[in-house]
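**Q** Have a look at the structure that comes next, please.
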Amino acid sequence: MKREIIICFVIIIAVVILNIITINYTKESVQSLKVELSRIKEDIEQEKDINLVNEKITNLKNNWEERYKKLAYYIEHDELEKVHLYIVGIDSNVNSDEYSQAIGELDKCDYILEHIEDKYSLSFKNIF
């Protein structure tokens, strides 16, 4: 009986620690991507050099691909796919000189990232 209680506590502690790690990684990932999105949006609104904007979009895509691999372990793939689609939309709209549509895609991507962060954070709203 004593051994079973110890095993239960170890499992509970492991689950709590892994949950904290995944929450922190999700917050870090979302914040990193949101910063890049806001910089791209600023550059588009200020009509900066298109090559600079394309370079930032490439960095955003690379950052997303790295983080996607880890986030896919514990976040629904539908939500991750939405972010990926919006990033592709941003890239294609900028390449076709549709800057107002690119800003719309940036805003949608930002909203989905906020939603992911809220959904997978530890709060009473998510528990009950």
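Nothing in this text is a laboratory measurement; each read-out follows from the coordinates by a stated rule. Computed from a predicted model, the values in this text were never measured in an experiment. Note: ideal-geometry Cβ built from the backbone for every residue, glycine included; neighbour counts use all protein chains shown.
**Q** If Ile23 passes every condition in (1) touching a helix residue (DSSP H, G or I) at 6+ places or on another chain (Cβ under 7 Å); (2) closer than 17 Å to Ile116 by Cβ; (3) part of a helix (DSSP H, G or I) but one, which one does it miss?
**A** The failed condition is (1).
**Q** Are there any pairs with C-beta distances below 8 angstrom linking a residue in region 1-28 that is touching a residue at least 60 places away in the same chain (Cβ under 8 Å) to a residue that is assigned to a helix (DSSP H, G or I), with the two at least 6 apart or on different chains, and if so which?
**A** Listed pairs, sorted by first residue: Thr26/Leu71; Thr26/Ile116; Thr26/Glu117; Lys27/Glu117.
**Q** Only one residue in Leu113, Leu106, Leu60 is within 30 Å of Val16 (Cβ to Cβ), among the aliphatic types (A, V, I, L, M) and in contact with a helix residue (DSSP H, G or I) (Cβ under 6 Å, 6 or more places away or on another chain), so which one is that?
**A** Going through Leu113, Leu106, Leu60 in turn, just one is within 30 Å of Val16 (Cβ to Cβ), among the aliphatic types (A, V, I, L, M) and in contact with a helix residue (DSSP H, G or I) (Cβ under 6 Å, 6 or more places away or on another chain): Leu113.
**Q** Could you list, in sequence order, all residues of region 37-72 that are in contact (Cβ under 8 Å) with a residue 12 or more places away in the chain, out of contact with any Phe, Trp or Tyr (no Cβ under 7 Å at 6 or more places or on another chain) and farther than 20 Å from Ser100 by Cβ?
**A** Asn59, Lys61, Asn63, Trp64, Arg67, Tyr68, Leu71, listed by residue number.
**Q** Next question, about the same structure. Just one of the numbered conditions (1) loosely packed, with under 13 Cβ neighbours inside 10 Å; (2) closer than 22 Å to Thr26 by Cα is not true of Leu60; which one?
**A** The one condition Leu60 does not meet is (1).
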